[in-house]
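Structure first, then comments.
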Amino acid sequence: MEETKIFEANLDLTLHSQAVLELTNQYAADPMGDGKPLSPDVAKELIPGLSKHPTTIIFLAFQDKKAVGIATCFLEFSTFRAKAMIHISDFFLIPEFRGKKIGRMLLEAVHQKAVELKCCKIILEVQENNTRAQEVYRQAGFSR
């Protein structure tokens, strides 16, 4: 059985930056993403842009040496609670790795980071027709 490991991405590492670019591109091309790959200009600027953005937090799921999932998050601030919160902006698993609890592992890594940073909540958005993702989020404790 292949072992899945979750890493907080270090965009200075070529392995991690390539994984972020490849998985984000696959997500963009997915019907639940944008339905088309990233434009060459966006692909070129993605890693530098994420690296410069001061609140970027990214988790990568690897099976052996293959990147199979990503949670791209940003630290935000709740004015009503006067505390930080994590916004999951992009969440994607390569289709053949879905249904293997990898998404749950990524969400747990995000949760642990939120606890570490003393965040008041984790927020995300999901398309109405993405019932599979909605069920994963519901099982992880998210609600509308």
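The values are calculated or read from the model by the stated rules, or taken from the named source; none is laboratory data. Note that the coordinates shown come from a computational prediction; the quantities given were computed from them, not determined experimentally. Note that each Cβ is placed from the backbone with ideal geometry, even for glycine, and that neighbours are counted across all protein chains shown. The area values use the complete protein model at the heavy-atom level, side chains included, leaving out ligands, DNA and RNA. Shrake-Rupley method; radii C 1.70, N 1.55, O 1.52, S 1.80 Å.
Roughly how big is segment 74-144's charge dipole about its Cα centre, with Cβ charges of +1 (Lys, Arg) and -1 (Asp, Glu), in debye to the nearest 20? Provide the component values of the computation, followed by the final result.
Working: 12 positive and 8 negative charges, 57 e Å.
The dipole of segment 74-144 has a size of about 280 debye.
At a Cα cut-off below 29 Å, give the lysines reachable from Lys44, other chains included and same-chain residues fewer than 8 away excluded.
Lys5, Lys36, Lys52, Lys65, Lys66, Lys113
Accessible area per residue, 1.4 Å probe, Å², for the chain: what's the number?
Counting only protein heavy atoms, the per-residue value for the chain is 62 Å².
Put a dot 7 Å past each Cα toward the Cβ at Glu135 and Lys121; how far apart are the dots in nm?
Each label point is offset 7 Å from its Cα along the Cβ direction, giving 2.6 nm.
If you compute Rg and Dmax of the Cα atoms in Å for the structure shown, which of [x] 15.5, 54; [y] 14.8, 46; [z] 13.3, 37 do you land on?
For Rg and Dmax of the Cα atoms in Å, the calculated option is [y].
Given a Förster distance of 30 Å, report the FRET efficiency between Ser39 and Thr79 from their Cβ-Cβ distance, rounded to the nearest 0.05. Each step should come with its number before you reach the end.
Values: r = 34 Å, r/R0 = 1.15.
About 0.30, to the nearest 0.05.
As I understand it, the dipole of the chain uses +1 on the Cβ of Lys and Arg and -1 on the Cβ of Asp and Glu, about the Cα centre. Which of Phe142, Phe74, Ile102 lies farthest toward its positive end?
Comparing the listed Cα positions along the dipole, Phe142 ranks first.
From the helices alone, meaning DSSP H stretches of at least four residues, give me the mean residue ellipticity at 222 nm for the chain, per-run term -39500 (n - 2.57), in deg cm²/dmol to the nearest 500.
Roughly -11500 deg cm²/dmol at 222 nm, from the helical runs in the chain.
For segment 41-144, what % of the accessible area comes from carbon and sulfur atoms, probe 1.4 Å?
53 percent
If I stretch the segment between Met105 and Glu128 completely, what's the gain in nm (0.36 nm per residue apart, minus their alpha carbon distance), one decimal? Before the final figure, lay out each step's value.
On the way: separation 23, 0.36 × 23 = 8.28 nm, distance 2.29 nm.
The span from Met105 to Glu128 would gain 6.0 nm if fully extended.
Given a Förster distance of 22 angstrom, what is the FRET efficiency for Glu2 paired with Asp30, based on the Cβ-Cβ distance and rounded to 0.05?
Taking R0 as 22 Å, the efficiency between Glu2 and Asp30 is 0.45.
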